[in-house]
Amino acid sequence: MSPEALTRALKDEARRLGFELCGACPAVTPHGIDYFRKWLAAGYAGRMEYLANRAAAYEHPQHVLAGVRSLLVLGKVYRTVEPQAPAAGQGRLSRYAWGRDYHELIRQRLRSLADFHRRLTPDAQVRGVVDTAPVLEKEFGRLAGLGWLGKNTLLINRQHGSWFFLAILLTTAELDYDPPTQTDHCGTCRACLEACPTGALVAPGQLDARRCISYLTIELRDRVPESHRQALGHWVFGCDVCQDVCPWNRKPSVTDEEAFRPAAGTNPIDLIELLGLDETRFRQRFRHSPLWRPGRPGVLHAAALALGNRPVPQALPALVAGLNDADALVRAGSAWALGRYDDPAAIKALEARRRVEPEPAVQAEIVRALDRPAP
């Protein structure tokens, strides 16, 4: 097949499979590789060591697929309904975490698209990736004409905003390439920089992940630094603030993908109920959800912090139980939260736990909680 015919057929099949965005570009060293190296050198990746460990692989897609010539960059919209304001005892999840884990759904469709490609060109080598391979997806999205890199570091499309996942089909075949996006349509807008609760957007297009709520609640896998806990507000998993305020997201498209619609009790989520989940029930509820990534300790730690930021009397029993949880991360979050409750029961629970707590880090959290005046 000619590159034009193959590309046209692949794009038609991609749209049939539910990808709203599709563009082709050559397999080259990405334009942003130097910025990526500087970003790593500045320490902005925090504890995401896997990025530095694979830094050399990001220099060219050939490290993902030998002999690759072309990339078909795909976008899958995930915006469904609007978020509901959390009531007392409730928290927020990032929109993309309301439903099924997008990795599972997109990988399944990438396999179908790859099989379709092989039927058309049996000699071609093909590989589909979502966001776990060493590829700078947003850079290739811009090169494939899908959008521009916004000041919030996300790829923004004029029609769909930024509410979409990116995936890539790498191939050794030659495709008909789309013109890259040349124009930055953010203009003088600084809404995302000014709205970021933790100041993680340190400059236009520059994110210090160590301050980002998404990093703190998903990637850190440790106690959230005390300096950022109040800024988390009611966020339990991820954060959508920089997208919520973006003018290009005012009227973006909406997907009818049932898998991305909010599962029961995710928009918003009950924090007290979360703290009551043991490992078995957590697995049953979130095994095929994005919340599986930080696991029960990370999610319950963030839930406890959210209850500390917005104290409600009915949460006290759940936090006391969390203070005595088997996991140190859950105990640490619960200790901090109880220190923000002006209630004798909270003080009593903290004092009792201090006498038996074996972990020095949790012991320190308890001591600080007892010394801290309630807000």
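The values are calculated or read from the model by the stated rules, or taken from the named source; none is laboratory data. Just so it is clear, the structure is predicted and the values come from calculations on it, not from any experiment. Positions of Cβ are backbone-derived with ideal geometry, glycine not excepted, and every protein chain shown enters the neighbour counts. What goes into the accessible areas is simple: the full protein's heavy atoms, side chains included, and nothing from ligands, DNA or RNA. Shrake-Rupley method; radii C 1.70, N 1.55, O 1.52, S 1.80 Å.
Quick notes
- Hey, residue 154 of a type outside the set (S, T, N, Q), over 17 Å from residue 242 (Cβ atoms) and in contact (Cβ under 8 Å) with a residue 40 or more places away in the chain or not: no
- Matching entry among 91, 43 (being surrounded by fewer than 22 Cβ atoms within 10 Å (Cβ to Cβ), touching a residue at least 12 places away in the same chain (Cβ under 8 Å) and among the small types (Gly, Ala, Ser)): 43
- Apart from one condition, residue 132 fits all of (1) open to solvent by 70 Å² or more (accessible area, probe 1.4 Å); (2) at pLDDT 95 or above; the exception is (2).
- Set side by side, the residues 158, 127 differ, and just one is over 21 Å from residue 10 (Cβ atoms) and surrounded by fewer than 23 Cβ atoms within 10 Å (Cβ to Cβ), which is 158.
- Selection from region 256-288 of residues that are among the hydroxyl-bearing types (Ser, Thr, Tyr) and surrounded by fewer than 19 Cβ atoms within 10 Å (Cβ to Cβ): 280
- Among the residues making up region 1-40, those that are open to solvent by 20 Å² or more (accessible area, probe 1.4 Å), hydrophobic (A, V, I, L, M, F, W, C) and in a loop (DSSP other than H, G, I, E, B) are 1, 17, 28.
- Sole exception among (1) in contact (Cβ under 8 Å) with a residue 40 or more places away in the chain; (2) assigned to a helix (DSSP H, G or I); (3) farther than 20 Å from residue 78 by Cα for residue 180, by number: (2)
- Taken as a whole, the structure places residue 115 among residues that are free of Cβ contacts under 8 Å to residues at least 40 places away in the same chain, over 26 Å from residue 150 (Cα atoms) and open to solvent by 50 Å² or more (accessible area, probe 1.4 Å).
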